[in-house]
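Colleague: The structure follows.
The values are calculated or read from the model by the stated rules, or taken from the named source; none is laboratory data. Bear in mind that the values here come from a model prediction, so they are computed numbers and not experimental data. Cβ placement follows ideal geometry from the backbone for every residue including glycine, while neighbour counts extend to all protein chains displayed. To get the accessible areas, we keep the full protein, side chains included, count just its heavy atoms, and leave off ligands, DNA and RNA. Shrake-Rupley method; radii C 1.70, N 1.55, O 1.52, S 1.80 Å.
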Amino acid sequence: MTNYSKTFCPYPWIHIMTQPSSTINFCCVANGQIKKDDGSILMLNKGDDISTVWNNNHYRKIRKQMIEGERVDGCQPCYELEDLGIPSYRENYIQDWMGFHREADNIRQIVDKSIDNDYVVEEAPQYLDFRLGTLCNLRCRMCQSQNSSAIYKELKDEELYTDEERDFIVKTSHWNDFSDYTQPWFDDPGFLRTVETWLPSVNRLYFTGGEPTIIQRVYWILEKCVELGINENIDLVFNSNMTNIQPRFLDLIAKFKSVLMCLSVDGYGTTNEYIRSGSTWSIVDKHIRDYATSDVVGNLLFSPVVQIYNILNVTDLIDYAELIQKETGRRIDISFLLNNYPKCLDIRNLPQNIRDVAIKKLETWSATSTYFAEDERNKQTVLGLIKALKENYNEDSEHQMQVFKEYTLLLDSKRNQSIKESIPELWELLNWT
């Protein structure tokens, strides 16, 4: 295998993704968007053509930087994880696509050939990651209008929020101004034509949202694959909040090569209900168990966003995953995403007294649990969280904790929730009055 640089990632050679707000990126965890050759951000909802992205100046620059070992703007989330000793998405992608994947040899050839071709990739993308709009039924505390129509609707309610309160929420948790994210760019005929052109080259499709199980364009693409007779060559990946399972969905995904279900669940019981407002744990639990015993879904992956709200009990979720694994015999994996936005939810803002409790819990769990005994990557993830709590402090953490308090109590008042009742240990340690 060719040895690439320490900043190399295969995604810019094989992958393209759409954001719900209509921007394009090369990775779901990367910050920033792909720019056009004139330096402006490419926006599908403004008539820009997705087919122009694949070999434009920005995409080729990213490929070149990765080959030459430069750190790429936008890849900070992976660099931060690696600095903490936590297996990063970049490292997992290399292992997945260039180690185990059936196209591994072909991908290496594509990368090597592009180096001699000014980083142009002549082959079409083989991995499409689509977030086809913002339609969602939940209002997660680390989410924004750019990804959730439910949050957008909530903030649009003039009787619920004052202008001052709305401005605070947007400033705290949104990437840019509070504007209209409901434009159906994903119905544009040009976009759909390009997708149909690319599909025969695709071997993996990833869908999230919003909530992909309720987004109709997801069904259109899946049905198009069946129509083209390519469905049995394609692996499916879904990132779902586990609140919805439709027979139509199960019937359709059963026609594909394999299905990986990523579970967007951030805590056990009331913790998840609190973070993911609108969810009911009994329903989430039932759907997880349904998938774990299904002949349709192959693998299950918990992908919790580690944040202040769940840092004291994130091991409860891992224990729950282990329980499901023991009861069903289905392998359950864990992949943590360290929250860095909204900034006020970052665990690196925490005061020392809460860090000490979280560290003790994680260290005790690591010393006694057998769940990660045969999975070094997942074990390193927990050790990385401990390291982050011991060594990493945001410079403005005191200010961010004050923002966290205001943000938390404001959402509590609007959503009829209570951190005191849902996460009592955290409430007590915060010492709020």
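Colleague: Do you know which of the residues in segment 1-25 that are of a type in the set (A, V, I, L, M) and open to solvent by less than 30 Å² (accessible area, probe 1.4 Å) is farthest from Phe191 (Cα to Cα)?
Modeller: Taking segment 1-25 first, the residues of a type in the set (A, V, I, L, M) are 1, 14, 16-17, 24.
After this cut, where a residue has to be open to solvent by less than 30 Å² (accessible area, probe 1.4 Å) as well, the list is 14, 16-17, 24.
Working: Ile14: 19, Ile16: 13, Met17: 13, Ile24: 12 Å.
Within segment 1-25, the match that is farthest from Phe191 (Cα to Cα) is Ile14.
Colleague: In addition: Run down Arg71, Arg63 and say which single residue is part of a helix (DSSP H, G or I) and among the basic types (Lys, Arg).
Modeller: Working: Arg71 fails: part of a helix (DSSP H, G or I).
Of the residues listed, the single one that is part of a helix (DSSP H, G or I) and among the basic types (Lys, Arg) is Arg63.
Colleague: Return the only residue of Val403, Val382 being closer than 30 Å to Asp167 by Cβ and out of contact with any His (no Cβ under 7 Å at 6 or more places or on another chain). Give the steps one after another, and end with the answer.
Modeller: Values: Val382 fails: closer than 30 Å to Asp167 by Cβ.
Answer to the selection: Val403.
Colleague: While we're here: Check off (1) among the hydroxyl-bearing types (Ser, Thr, Tyr); (2) in contact with a Lys or Arg (Cβ under 9 Å, 6 or more places away or on another chain); (3) under 30 Å from Ile234 (Cβ atoms) for Thr315 and give me the number that stays unchecked.
Modeller: (3)
Colleague: Would you say Asn137 is open to solvent by 30 Å² or more (accessible area, probe 1.4 Å), modelled with pLDDT of 95 or more and more than 24 Å from the chain's Cα centre (by Cα)?
Modeller: Details: open to solvent by 30 Å² or more (accessible area, probe 1.4 Å): yes; modelled with pLDDT of 95 or more: yes; more than 24 Å from the chain's Cα centre (by Cα): no.
No.
Colleague: Looking at segment 26-53, which of its residues are of a type in the set (Gly, Ala, Ser), farther than 25 Å from Pro189 by Cβ and surrounded by fewer than 20 Cβ atoms within 10 Å (Cβ to Cβ)? Full working, then the answer.
Modeller: We begin by selecting, within segment 26-53, every residue of a type in the set (Gly, Ala, Ser); these are 30, 32, 39-40, 47, 51.
Filter once more, so that each one left must be farther than 25 Å from Pro189 by Cβ: 30, 32, 39.
Matches in segment 26-53: Gly32, Gly39.
Colleague: Do the conditions hold for Tyr79, that is, is it open to solvent by less than 50 Å² (accessible area, probe 1.4 Å), part of a loop (DSSP other than H, G, I, E, B), out of contact with any Gly (no Cβ under 9 Å at 6 or more places or on another chain) and closer than 30 Å to Gln402 by Cβ? Steps first, answer last, please.
Modeller: Numbers: open to solvent by less than 50 Å² (accessible area, probe 1.4 Å): yes; part of a loop (DSSP other than H, G, I, E, B): no; out of contact with any Gly (no Cβ under 9 Å at 6 or more places or on another chain): yes; closer than 30 Å to Gln402 by Cβ: yes.
Spelling it out, it is not the case that Tyr79 is open to solvent by less than 50 Å² (accessible area, probe 1.4 Å), part of a loop (DSSP other than H, G, I, E, B), out of contact with any Gly (no Cβ under 9 Å at 6 or more places or on another chain) and closer than 30 Å to Gln402 by Cβ.
Residues checked against (1) within 17 Å of the chain's Cα centre (by Cα); (2) within 30 Å of Lys171 (Cβ to Cβ); (3) touching a residue at least 40 places away in the same chain (Cβ under 8 Å):
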| position | (1), (2), (3) |
| --- | --- |
| Asn45 | no, yes, yes |
| Arg63 | no, no, yes |
| Glu68 | no, no, yes |
| Pro77 | yes, yes, yes |
| Glu91 | yes, no, no |
| Ile107 | no, no, yes |
| Asp116 | no, no, no |
| Tyr127 | yes, no, yes |
| Ser145 | yes, yes, no |
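Colleague: Look through segment 206-233, keep the residues that are assigned to a helix (DSSP H, G or I) and open to solvent by less than 10 Å² (accessible area, probe 1.4 Å), and return whichever of them is farthest from Asp49 (Cα to Cα). Walk me through it before giving the result.
Modeller: Filtering segment 206-233 for residues assigned to a helix (DSSP H, G or I) gives 212-214, 216-228, 231-233.
Narrowing further to those that are open to solvent by less than 10 Å² (accessible area, probe 1.4 Å): 212-213, 218-219, 221-222, 225.
Numbers: Pro212: 23, Thr213: 26, Val218: 20, Tyr219: 22, Ile221: 18, Leu222: 22, Cys225: 22 Å.
The residue in question is Thr213.
Colleague: Restricting attention to segment 410-419, and to residues there that are touching a residue at least 12 places away in the same chain (Cβ under 8 Å) and open to solvent by 30 Å² or more (accessible area, probe 1.4 Å), which single residue is nearest to Glu159 (Cα to Cα)? Write out each step before concluding.
Modeller: First, the residues of segment 410-419 that are touching a residue at least 12 places away in the same chain (Cβ under 8 Å): 410-411, 414-415, 417, 419.
Checking which are open to solvent by 30 Å² or more (accessible area, probe 1.4 Å) leaves us with 414, 417.
Numbers: Lys414: 11, Gln417: 18 Å.
Filtering first and then ranking leaves Lys414.
Colleague: Taking segment 265-314 as the region of interest, how many residues are more than 30 Å from Asn353 (Cβ to Cβ) and in contact with a strand residue (DSSP E or B) (Cβ under 7 Å, 6 or more places away or on another chain)?
Modeller: 10
Colleague: Go through segment 178-197 and give me each residue that's over 30 Å from Glu164 (Cβ atoms), buried (at least 17 other Cβ atoms within 10 Å of the Cβ) and hydroxyl-bearing (Ser, Thr, Tyr).
Modeller: In the first step, residues of segment 178-197 are kept if they are over 30 Å from Glu164 (Cβ atoms); the result is 184-197.
Those still in the list that are buried (at least 17 other Cβ atoms within 10 Å of the Cβ) too: 185-186, 188, 191, 194-195.
Within segment 178-197, Thr194 is the sole residue that qualifies.
Residue by residue, here is whether (1) closer than 25 Å to Pro77 by Cβ; (2) open to solvent by less than 20 Å² (accessible area, probe 1.4 Å) holds:
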{"residue": "Phe100", "(1), (2)": "yes, no"}
{"residue": "Ile107", "(1), (2)": "yes, yes"}
{"residue": "Pro125", "(1), (2)": "yes, yes"}
{"residue": "Tyr152", "(1), (2)": "yes, no"}
{"residue": "Tyr161", "(1), (2)": "no, yes"}
{"residue": "Asn176", "(1), (2)": "yes, no"}
{"residue": "Leu199", "(1), (2)": "no, yes"}
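Colleague: Give the residue, chosen from Glu159, Glu211, Glu165, that is out of contact with any Phe, Trp or Tyr (no Cβ under 7 Å at 6 or more places or on another chain), under 29 Å from Tyr93 (Cβ atoms) and charged (D, E, K, R).
Modeller: Values: Glu159 fails: under 29 Å from Tyr93 (Cβ atoms); Glu165 fails: under 29 Å from Tyr93 (Cβ atoms).
One residue alone meets the criteria, Glu211.
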